[in-house]
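The values are calculated or read from the model by the stated rules, or taken from the named source; none is laboratory data. The shown structure was predicted, so the numbers you read here are calculated from the model rather than taken from an experiment. Positions of Cβ are backbone-derived with ideal geometry, glycine not excepted, and every protein chain shown enters the neighbour counts.
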Amino acid sequence: MSKAKPDNRSHKTSPDLDTPTDLASAAVDKLSAALNALLADAFALYLKTKNFHWHVSGRHFRDYHLMLDEQSVAIFATTDQLAERVRKIGGTTLRSIGQVSKLQTIHDNDEEYVPPREMLRELMGDNKHMAAAMRKAHKLADDHEDSGTAGLLETFIDETERRTWFLFEASRQEGSNAA
Ligand SMILES: [Fe+2]
């Protein structure tokens, strides 16, 4: 009979949720924390993108309304994968909106009215911020030879940069290079 696994895990995962992994306990802690922060930001950005989808107005209404909906769907699709990645490596993930609000680094925008171009510029900055955070998490995954997390983030970084690009182009003043 094999001996019970030594309890060398520093994170507070219940034994029932401690998915077997060859990753070191410290790596699981760090990677889970990075992924959970990305997950909180994904939920915050998802809701902000929907907020702007619901409240956008003006002559580009249809274009912006549709683009923001597409982007919200893509952002929401990342949430399950981020959370399940944490569980695959033996960490635990978010359980509530309360946890999202504690961990999010994307700022909410509860303004009554936001001009359409400002909406796009704000989301552009948020997506840029998310890509940078994903790159940091990717580096952490590389450092711990966690290619599963690195591979997932590579796709998400590309998708986030696509959103940044679309928001940049759609928000450019016509006839100007102004960013
Ligand atoms: Fe809608």
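Looking for whichever is part of a helix (DSSP H, G or I), within 16 Å of the ligand (Cβ to nearest atom) and acidic (D, E) here; the options are E70, E84. Which one fits? The unique qualifying residue is E70. Scanning the range 19-28 for residues that are closer than 16 Å to S147 by Cα and touching a Gly at 6+ places or on another chain (Cβ under 8 Å) yields a count of 3.
The residues of the range 95-151 that are outside any helix (DSSP H, G or I) and of a type in the set (A, V, I, L, M, F, W, C), listed by number, are I106, V114. Within the range 155-162, does at least one residue satisfy the condition of being of a type in the set (A, V, I, L, M, F, W, C) and part of a helix (DSSP H, G or I)? Scanning the range 155-162 turns up at least one residue that is of a type in the set (A, V, I, L, M, F, W, C) and part of a helix (DSSP H, G or I). Within the range 63-74, restricting attention to residues that are closer than 20 Å to H129 by Cβ and in contact (Cβ under 8 Å) with a residue 60 or more places away in the chain, the residue that is surrounded by the most Cβ atoms within 10 Å (Cβ to Cβ) is Q71.
Determine whether H53 is over 26 Å from R135 (Cα atoms), away from the ligand (no atom under 14 Å from the Cβ) and of a type outside the set (S, T, Y).
Numbers: over 26 Å from R135 (Cα atoms): yes; away from the ligand (no atom under 14 Å from the Cβ): no; of a type outside the set (S, T, Y): yes.
Spelling it out, it is not the case that H53 is over 26 Å from R135 (Cα atoms), away from the ligand (no atom under 14 Å from the Cβ) and of a type outside the set (S, T, Y).
For the range 41-62, check the following and say yes or no: at least one residue is over 29 Å from L123 (Cα atoms) and crowded, with 21+ Cβ neighbours inside 10 Å.
Let us first name the residues in the range 41-62 that are over 29 Å from L123 (Cα atoms), namely none.
No, because not a single residue in the range 41-62 is over 29 Å from L123 (Cα atoms) and crowded, with 21+ Cβ neighbours inside 10 Å.
The set of residues in the range 133-172 being basic (K, R) and at pLDDT 95 or above consists of R135, K136, K139, R162, R163.
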